[in-house]
Structure formats: structure tokens, C-alpha cells
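S.K.: Dropping a structure here in C-alpha cells format, bear with me for questions.
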Amino acid sequence: MKKLLPYIFPFRFKITLQMIVKFAGTIFDLFIPWILSYIIDDVVPEKNKAGIYLWGFVMILCAVGAVILNISANRMAARISGDITKEIRHDLFSRTMRLSCLKIDEITEPSLISRLTSDTYYFYQMILRIQRLGIRAPILLVGGCIVTLMLEVKLAAVLIALLPILFLIVFYISKKGIPLYSKVQRAADKLVRRVREFMSGIRVILALSKGDYEKMRFSKANKRVVEAEQKAGYVMSATKPIMSFALNLGLALVILVGAFLVNKGETQPGKIIAFMTYFTIILNATLSITKIFVMVSKGTASADRIAKVLEIEDEHEY
């Protein structure tokens, strides 16, 4: 990964601007539930219609501002990630053209094809996700926790009690699932090699009536890819249902504790509504961080494979 940092460094100012825009859009998102809580608890009881219209208009401005800024930041991220990947792919292809036959045999042609296609794509996705979610998710997570503590400490205790459990779930599933993606990439390399061998030697295969044999070889390689992808998918697919269960459990506890506090007059309904919204925001941020870990693991593995080719010194033996 470090070997590809020189490709990212020239775009540092654009990335910084994109992160600032993303930060502003995320802050607007965090303000909306708090404004709603203020309207319900402070403005409505006073029957102040002007205040309701005023703060409602502020909520609309925050929503519109969040949409515009987040869309702009996402488009900037896509453009920057595409430009970075374009430069990497260009240099990778140029270096591949200058490799000696010995090096090509050592790395294998299918592996070089995979590095030029799927590996550069995974690296693009990693850079894109980091720019889109790497700023937004942590801000939503930390900001949501801070605001909930400011709203109601007793309800925040429910959230604080659940967060370690959520992080343990994410850590355990990620630890089991992330290494499986490396196996998927290796299996895909073998599949590409089988396809290339078949396409390059198709006339000989047909002349010797080896079509059924090649179909069997392809089926085995294809099956290995499917099994590797399914195994990784089975492990990682458990994340969302388990996290959703934790969300529903947490929301149920918040409603129970909140109803008890409201009945005792220790809190207000608006705070309960806002807290439930922030609870959902925090959980979604946790899920986003999980997605970042998965994509970073795949992108880092791909970056290492790309860097190994770029690090090879120029050779002119053909």
C-alpha cells in the first residue's frame, strides 16, 4: 500500500477539499434530530407557530444542505479515485510491457491480467469508500454519541452498554471473513489462467478432441471460485442481520427506559424521538465502518499485488 502513496499525494488538495465538503454535509445531518427534539419539547408546548415554522424551515435547510454537500463530495470522490486509478493502471501496463519473459512466466500472464483489471478496480473502490465513508461514518459515530450524552445521560447508558458488543461482533466477523477474500482473488487468478490457456490453444484442443477435458478443468476452477466467494459471502452476510437484531434490541430498551423516565417526569418525549434517531444513525455508522474494513482489506491486498509489479526494475530481455 505504501508503494502506491506517490500516486495519491498529487491529489492531496482535492482530497482535502472533498473531505471538508463531506464533513460539512455530515454535520448538517447530525443537526436535524436535535432540531426536531427542540421543536417538540420547547416550541410546541408554547404554541408558538412562528417558532415552529422557523425551526421547520431550518430543518429543511439542513436537509437540503446535507443532500447537496454529500452528493458534491461523492462526485468529487469518484472523480479523484478514477484519476488515481487511471495513473496506476497506465504505469502498471507500461511496466508489464517491459517485463522479461522470465518475469512474465514467474508472475504468470493470468495474474498480470488480474492485476490490471480486478486489482485496480478493488484499489479504486478502496480509495472511493475511504473518501465517501471514511469521514462520514466516524463523524456520525462520535458525533451521535456526544449528542446522545448531551440529550439524556441515562438513555445514553443503554447505547454505551451495547456499543462494545457491536464492536466485538464486527471484529469477530471481520477477522473471520476478510482473509477469505485473498483466497477469492487467488482462485480468480487460476480461473483466468484456465480461460487463457483454452482460448490460446483452442485449435489444438479441438483437433485433439480435448474439449470435454478442458470443460472439466474449467468447471473445477470455476467451482473453486464460487466456493471461495460463497464462503466469504456467508461469513460477511451475518453482519447486517446480527447488527439489525442489536439495533432492534437497543431500540426496545430505549423505548422501555424512555417511557419509564417520561412517566417519572425526568425526560421529555422529544428527546426520546431524537435519541432513537441518533441510535439508528450510530448503528448505520458502525455498519459503514465494517464495510470500510472489508474494502480496505481487499484494496490493500490488491495494492500489494500491483506494487510487486511496479517495483520490478526495467528489463529488456524478451
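The values are calculated or read from the model by the stated rules, or taken from the named source; none is laboratory data. As the structure is a prediction and not an experimental result, all values here were calculated from the model. Quick reminder, even Gly has a Cβ in these numbers, built from the backbone with ideal geometry, and neighbours come from all protein chains shown. Quick note on the areas: whole protein, heavy atoms, side chains included, nothing else; ligands and nucleic acids left out. Shrake-Rupley method; radii C 1.70, N 1.55, O 1.52, S 1.80 Å.
S.K.: If the convex hull of the alpha-carbon atoms of the stretch 169-225 is projected onto planes in all directions, what is the mean projected area in square nanometres? The partial results should precede the final answer.
M.R.: Working: hull surface 15.9 nm².
The Cα convex hull of the stretch 169-225, projected and averaged over all directions, gives 4.0 nm².
S.K.: Per Stokes-Einstein, at 37 °C and 0.692 mPa s, what whole-number D in µm² s⁻¹ belongs to the stretch 178-318, with the Kirkwood radius over Cα pairs as the hydrodynamic radius?
M.R.: Value of D from the Cα-based Kirkwood radius: 163 µm²/s.
S.K.: Sorted by accessible area with a 1.4 angstrom probe, largest first, how do Cys62, Cys145, Cys101 fall? Working shown, then result.
M.R.: Working: Cys62 10, Cys145 30, Cys101 70 Å².
I get Cys101, Cys145, Cys62, largest accessible area first.
S.K.: Still on this structure, I have one more. Please report, to two decimal places, log10 I(q)/I(0) for the stretch 1-118 at q = 0.15 Å⁻¹ as given by the Debye formula with identical point scatterers on the Cα atoms and no solvent.
M.R.: Reported log10 I(q)/I(0), two decimals: -0.80.
S.K.: In the stretch 165-235, if the dipole is taken from +1 on Lys/Arg beta carbons and -1 on Asp/Glu beta carbons about the Cα centre, which of Leu191, Ala228, Val204 is farthest to the positive end?
M.R.: So the residue furthest toward the plus end is Val204.
S.K.: For the chain, with only Lys/Arg (+1) and Asp/Glu (-1) charged at the beta-carbon, what is the dipole magnitude about the Cα centre, in debye rounded to 20?
M.R.: 720 debye
S.K.: Continuing with the same structure: In square angstrom, rounded to the nearest 10, how much accessible surface does Thr16 have for a 1.4 Å probe?
M.R.: 70 Å²
S.K.: How would Met236, Met126, Met150, Met199 rank on accessible area, largest to smallest, probe 1.4 Å?
M.R.: Ranked list, largest accessible area first: Met150, Met199, Met236, Met126.
S.K.: Dipole of the chain (Lys/Arg Cβ +1, Asp/Glu Cβ -1, origin at the Cα centre): which of Val67, Leu92, Ile15 lies farthest to the positive side?
M.R.: Farthest towards the positive pole: Leu92.
S.K.: I've got another one for you. Is there a quick way to get the dipole size of the stretch 95-155? I mean about its Cα centre, with the Cβ of Lys and Arg at +1 and of Asp and Glu at -1; what is the value in debye to the nearest 20?
M.R.: Values: 8 positive and 5 negative charges, 48 e Å.
Roughly 220 debye for the stretch 95-155.
S.K.: So what is log10(I(q)/I(0)) for the stretch 90-138 at q = 0.33 1/Å, when the Debye sum runs over its Cα atoms only?
M.R.: Ignoring solvent entirely, the Cα scatterers give -1.15.
S.K.: In straight Cα distance, which lysines are under 17 Å from Lys271, not counting same-chain residues fewer than 8 positions off?
M.R.: By straight Cα distance, Lys271 reaches Lys154.
S.K.: Helix 211-236 versus the longest principal axis of the chain: what angle, 0 to 90°, nearest 10, using Cα atoms?
M.R.: On a 0 to 90 degree scale, this one is about 20.
S.K.: Can you tell which of Gly144, Leu112, Cys101 lies farthest toward the positive end of the dipole of the stretch 99-146, using +1 and -1 charges on the Cβ of basic and acidic side chains (Lys, Arg; Asp, Glu)?
M.R.: Gly144
S.K.: Rank these by accessible area, largest first, 1.4 Å probe: Glu214, Glu266.
M.R.: Per-residue accessible area, sorted high to low, gives Glu266, Glu214.
S.K.: Quick one: plug the Kirkwood hydrodynamic radius of the stretch 107-163 (C-alpha pairs) into Stokes-Einstein at 20 °C, 1.002 mPa s, and report D in µm²/s.
M.R.: It diffuses with D of about 148 µm²/s by this estimate.
S.K.: Under a GNM of the chain (C-alpha, springs under 10 Å), which listed residue has the highest mean-square fluctuation: Ile273, Ile173, Ile146?
M.R.: Comparing Ile273, Ile173, Ile146 in a Gaussian network model of the chain, the most mobile one is Ile146.
S.K.: Let me ask you something else. Enter the accessible area of Tyr122 (Å², nearest 10), with the probe set to 1.4 Å and all protein chains included.
M.R.: 50 Å²
S.K.: Treating the angle as unsigned and between 0 and 90°, give the value, to the nearest 10°, between the Cα long axis of helix 120-133 and the longest Cα principal axis of the chain.
M.R.: Taking Cα atoms only, the helix is inclined about 10 degrees.
S.K.: Can you tell me the orientation of helix 12-38 relative to the chain, as the angle in degrees between its alpha-carbon axis and the longest Cα principal axis, to the nearest 10?
M.R.: 30 degrees
S.K.: Would you give the gap between the C-alpha center of the stretch 77-134 and the C-alpha center of the stretch 179-225, rounded to a whole Å?
M.R.: Going from one Cα centre to the other spans 23 Å.
S.K.: Where does the chain land at 222 nm, in deg cm²/dmol rounded to the nearest 500, when only DSSP H runs of n ≥ 4 count, each adding -39500 (n - 2.57), divided by all residues?
M.R.: Calculated at 222 nm, the ellipticity per residue is -30000 deg cm²/dmol.
S.K.: If you don't mind, another one. Suppose every Lys and Arg Cβ carries +1 and every Asp and Glu Cβ carries -1, with no other charges. What dipole size does the stretch 92-231 come out with about its Cα centre, to the nearest 20 debye?
M.R.: Once rounded to the nearest 20, the dipole reads 300 debye.
S.K.: Tell me the accessible surface of Val58 in square angstrom (1.4 angstrom probe, heavy atoms of protein chains only), to the nearest ten.
M.R.: 40 Å²
S.K.: Which ³J(HN,Hα) values in Hz, rounded to whole numbers, follow from the phi angles of the stretch 96-108 under the Karplus curve 6.51 cos²θ - 1.76 cosθ + 1.60, where θ = phi - 60° and Gly and Pro get x?
M.R.: 4, 5, 9, 6, 6, 4, 5, 5, 4, 5, 5, 7, 6
S.K.: Could you give the radius of gyration (one decimal) and Dmax (whole number) of the Cα atoms in the chain, in Å?
M.R.: According to the Cα coordinates of the chain, Rg and Dmax are 26.1, 90 Å.
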